[in-house]
Structure formats: structure tokens, C-alpha cells
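Computed from the coordinates by the stated procedures, all read-outs in this text should not be read as laboratory data. Everything numeric in this text was worked out from a predicted model, so none of it was measured. Every residue, glycine as well, gets a Cβ built from its backbone with ideal geometry; the counts of neighbours run over all protein chains shown.
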Amino acid sequence: MFKIIAIVCVISYSGHVLDCTRMEETDRRTFHTYEACMEEAGYKRTQIEDILSRPEFSDTQYTLQVNCEGTPDSI
């Protein structure tokens, strides 16, 4: 089983990482295959990018990673 995770890091104008946040979905959705998880992760990335492109975040530089990782019960 796999779950979607996202990591957002805020970057200063000089290029230093100021803070990183790891997020997991609160509904605890899991996927049976890595491929299915990555397909949904693509949609999740688009949703997060839409949020981060709002005017209140316009002066913020960030990196975004959205991936899938195995759940403890899949090991």
C-alpha cells in the first residue's frame, strides 16, 4: 500500500532553505499500486501549486515535492 506525501520548503531570496513542512493527507487514503498513487499525486501537486500561487503567497519562493511512499503495513 502507498500514500501521498508532500514536502514544501520556503526559500529565502538568497537561496537558503528557511523551513520545510512534510504533509500527509488527513483522510488516510492509500493506494494498492505505486502507479495509482503517483497518478493521484500529480493531481495533488496541481492542487497545492494552485494554493501557493494565490496572491497572499506571491512573494514567497518555495520548492514542492509530491511523492508516494509505502505504508508500514506494506513492508
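A few points about this structure:
- Computing Kirkwood radius over Cα pairs in Å directly from the structure and comparing it against (i) 12.1; (ii) 12.5; (iii) 13.4 singles out (iii).
- Taking each DSSP H run with n ≥ 4 as -39500 (n - 2.57) and averaging over every residue of the chain yields -8500 deg cm²/dmol at 222 nm.
- The dipole here belongs to the chain: it is taken about the Cα centre, uses +1 on the Cβ of Lys and Arg and -1 on the Cβ of Asp and Glu, and is about 80 debye.
- Distance in nm between pseudo-label sites at ARG45 and MET23 (7 Å out along the Cβ direction from Cα): 1.5 nm
- In degrees, nearest ten, helix 34-52 long axis to first principal axis of the chain (Cα): 20 degrees
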